[in-house]
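First the structure, in the form of structure tokens, and then the observations on it.
The values are calculated or read from the model by the stated rules, or taken from the named source; none is laboratory data. Keep in mind the model is a prediction, meaning the values are calculated, not measured. Cβ sites come from the backbone with ideal geometry, for glycine too, and all protein chains shown count toward neighbours. These area figures cover heavy atoms from the full protein model, side chains too; ligands, DNA and RNA do not enter into them. Shrake-Rupley method; radii C 1.70, N 1.55, O 1.52, S 1.80 Å.
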Amino acid sequence: MTNCRTCTIFCVLAAMIGTAWVAVVWPTPTTRPVVRQLAQDQSLAATRPDMGAAGPRAYFSPHGGAQEAIVGAVTGAKSTVDVEMYLLSNPALIDSLISAAKRKVSVTVILDGGEERAANTPGATRLAQNGVMVFWNTSYTIFHDKIWLVDNSVTITGSFNGTVSAENKNAENLLVLHDSSMAAAYAADFKKHL
């Protein structure tokens, strides 16, 4: 076994037929090239959006499909979109929420009302002017949630803020879960923050 001080653990989260699994690799002389190739292979940096898929989907920024996955989920919403977001200023995401509201989807957004209120105000104003219910959460030092709930069955979460930088510049992650029991747990938390 490799000495723990020099051992690096690489975890890869993947989706296989609706079941998430984690592969842990301890580099050895024979696995190091494989691990190095995994880290360099840009085709493995993102799982492209397929909102019809029932299993979990993972996305990684920059340019890893996270924004596209969110817009796709919101565009496909039939009844509700509930959002808890630390920062929401990305025009594509804001436009998708406005489009959903115009289709008579119930859209509710809770934003950080403390530290990031100034940055959130332009987007919040556009949303509110276009039929989206917008709330400011000031109950915490930082309202740091990043959650999208669609039709009480799809949960989208991760480090991905609703900003252009999250899509184009930052190292971010996003996980899309098609699981109504998971969505119910997040929906209960959402209601506590209203």
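Please give the per residue accessible area of the stretch 64-116, computed with a probe of 1.4 Å over protein heavy atoms only, in Å².
For the stretch 64-116, the per-residue accessible area is 33 Å².
Just to be sure I understand: if I project the alpha-carbon convex hull of the stretch 100-175 onto a plane and average over all orientations, what area do I get in nm²?
5.7 nm²
Counting Lys and Arg as +1 and Asp and Glu as -1, what is the net charge of the other residues whose Cβ lies under 10 Å from the Cβ of H144?
Local net charge: -4.
Let me check I've understood the local charge: for T75, count other residues with C-beta under 13 angstrom from its C-beta, Lys and Arg +1, Asp and Glu -1. What total comes out?
Residues close to T75 contribute a combined charge of 0.
I'd like the trypsin sites (Lys or Arg not before Pro) in the stretch 81-119 restricted to DSSP loop residues with at most 14 other Cβ atoms within 10 Å, sorted by number.
Filter output for the stretch 81-119: R103, K104.
Out of residues 5 or more away from V109 or on other chains, whose amide H comes under 5 Å of its own, with H placed 1.01 Å from N in the peptide plane?
Placed amide hydrogens put V83, M133, V134, F135 under 5 Å from V109.
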